Amino acid sequence: MLFYTYFKLTCRKIIGAILQMEARLVLNKYQPKIVGITGSVGKTSTKEAVAVVLASHFPVRKSEKSYNSELGVPLTILGSQSAWSDPLGWIEIMTHGLMLLLFRQAYPEWLVLEVGADHPGDIKKIASWIKFDIAILTRLPEIPVHIEFFKSKEQLIEEKSYLIKTLTPSAWAIFNFDDEVVKALASSTKAQVVSYGFNPQATVMASNDQLLYQEDKIDGLTFKIDYQGDSLPVRLHGVLGRHQISAALAAFAVGASQGLNPVLMSEALGKLVLPAGRLRLIPGIKDSVLLDDTYNASPAAMEAGLDVLEEIKSDGIKIAVLGDMLELGSYTVETHRAVGSRVAKIAEQLILVGLRSKFMAEGAQGAGLAPKNIHHFDDAVAAGKYLQKIIKAGDVVYLKGSQGMRLEKVVEEVMAEPERREELLCRQEGEWRKR
């Protein structure tokens, strides 16, 4: 078993090295402009919004799913998806990269890349061979995400901010001015700066945000973008949460840095469709509403989702289905208890999955939620079966947990159209379905 694990890691390193070499050569040959998006939360939603805005003017390629690692970034540059455990699939990907180098082919003018960091040095490695034309720093919340392998919050911030420090004076740095840590970093780059947020000091500012209803059912949200004296209305259908507005603002800021037409950008944002599992509206059984936020979880993102659950008007009750938040290290207990305490003020029922979620139960009970309304399950399928029994017309259900909790399985149990699971839910690839 030990030999097999070592063999897999060795193969992965070899494949990664080959793909990175091909990706470097492809960038050198085709010379696309590159947007890099980093931060502790909000990278994927921001990537989608930036791609929508830029695609209204240029040929664009964006990271597939959350391809933001040493392996994922080269895959995006080569225009390929992971072959998982298929050796022939990896050979095919490497052959495709070789063909891109040998024969000139159509290639995007812009690449929109997520850049993640689970370990110290991750971003530095990627920035060592990619020259970014634009870098976006989304959020660095008080309680950090993926801190398990970092010595401190400060070390994580240093890693995340490395990207904007590598930019040249001709590049652009886009900062979220609603995040005080990010805002403070605006002076640490040599690049030209554009800021965004609800903060009045931001270059691109949002105002008048409110939920959007159609026939008394939640449909999305609407807001205005204030930029250079103009106020532009934006409607996002099937998209919820102030943090998603931040993604739209970041995308507008990117377009503004390139001199794109503000009206056309606001119209393009109206076509934004978020990836599966990122606080998407899904019709539930018995005429209920599901807020599917199951892709992953962090304290800041969980708080943002609960804000939405609190704000939504409902004819039924509100139910929170929550799983463990992983990779929080010493913050684990306090953050889970804080989430539980918050839920007690919003939801009538709390359904939990995972060992760490017992601290959510403690927090919820401490804040006044009756024990009879707190239900704990060892796995997502069992939680989904229980939710099937209690859900009623008009109920609004918010679902969120880290990837390992697999809460998309809960959504599958209670969605009105399970035949559309591959279209609507995250982690529907064959490799994930086996797990």
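Miscellaneous remarks
- Compared with the alpha-carbon gap, the fully stretched path from D118 to E419 is longer by 104.9 nm at 0.36 nm per residue.
- Alpha-carbon gyration tensor eigenvalues x 5, square-rooted, for the stretch 181-267, Å: 26, 14, 10
- List D378, D133, ordered by accessible area with a 1.4 Å probe, largest first: D378, D133
- Volume per residue of the C-alpha convex hull in the stretch 30-128, rounded to whole Å³: 107
- Only DSSP H runs of four or more residues enter the estimate; each adds -39500 (n - 2.57), and after division by the residues of the chain the mean residue ellipticity at 222 nm equals -12000 deg cm²/dmol.
- Taking 0.36 nm per residue of separation and subtracting the Cα-Cα distance, full extension of the segment from R24 to W84 would add 19.4 nm.
- Theoretical gain in end-to-end length, K271 to N199 [0.36 nm per residue, Cα-Cα removed]: 23.4 nm
- Paramagnetic reach from A393 (point 7 Å along Cα→Cβ, amide N under 17 Å) across the stretch 402-416: 416
- On a per residue basis, the convex hull of the C-alpha atoms belonging to the stretch 55-203 measures out at 142 Å³.
- Quarter of the Cα convex hull surface for the stretch 145-292, i.e. its orientation-mean projected area (nm²): 11.0
- Scattering profile of the chain at q = 0.07, 0.08, 0.12 Å⁻¹ [log10 I(q)/I(0), Debye over alpha-carbon scatterers]: -0.34, -0.45, -1.05
- Solution diffusion estimate, µm²/s, Stokes-Einstein, the stretch 128-189, Kirkwood Rh from C-alpha pairs, 10 °C, viscosity 1.306 mPa s: 129
- The portion of the accessible surface of the chain made up by carbon and sulfur, rounded to a whole percent, is 53 (1.4 Å probe; DNA, RNA and ligands excluded).
- Distance between modelled label sites at K345 and L9, nm, 7 Å Cα→Cβ extension: 4.5
- At R0 = 22 Å, FRET efficiency that the Cβ-Cβ distance of D209 and A367 yields, to 0.05: 0.20
- The Kirkwood radius of the stretch 249-319, taken over pairs of alpha-carbon atoms, gives through the Stokes-Einstein law at 10 °C and 1.306 mPa s a diffusion coefficient of 108 µm² s⁻¹.
- Per residue, the chain exposes 44 Å² of solvent-accessible protein surface, assessed with a 1.4 angstrom probe and all protein chains in place.
- Exposure ranking of S85, S56 by accessible area [1.4 Å probe, largest first]: S85, S56
- Distance cut-off 16 Å, percentage of C-alpha pairs in the stretch 280-330 lying past it: 44
- Measuring r between the beta carbons of F103 and F58 and using R0 = 22 Å, the FRET efficiency lands at 0.45.
- Dimensions in Å of the stretch 314-435 - Rg and Dmax from alpha carbons: 14.3, 42
The values are calculated or read from the model by the stated rules, or taken from the named source; none is laboratory data. What you are looking at is a predicted structure, and each value in this text was computed from that prediction instead of being measured. Positions of Cβ are generated from backbone atoms using ideal geometry, with glycine treated the same way; all protein chains shown enter the neighbour counts. Ligands, DNA and RNA are stripped out before the accessible areas are found, and what is left, the full protein with its side chains, is counted by its heavy atoms. Shrake-Rupley method; radii C 1.70, N 1.55, O 1.52, S 1.80 Å.
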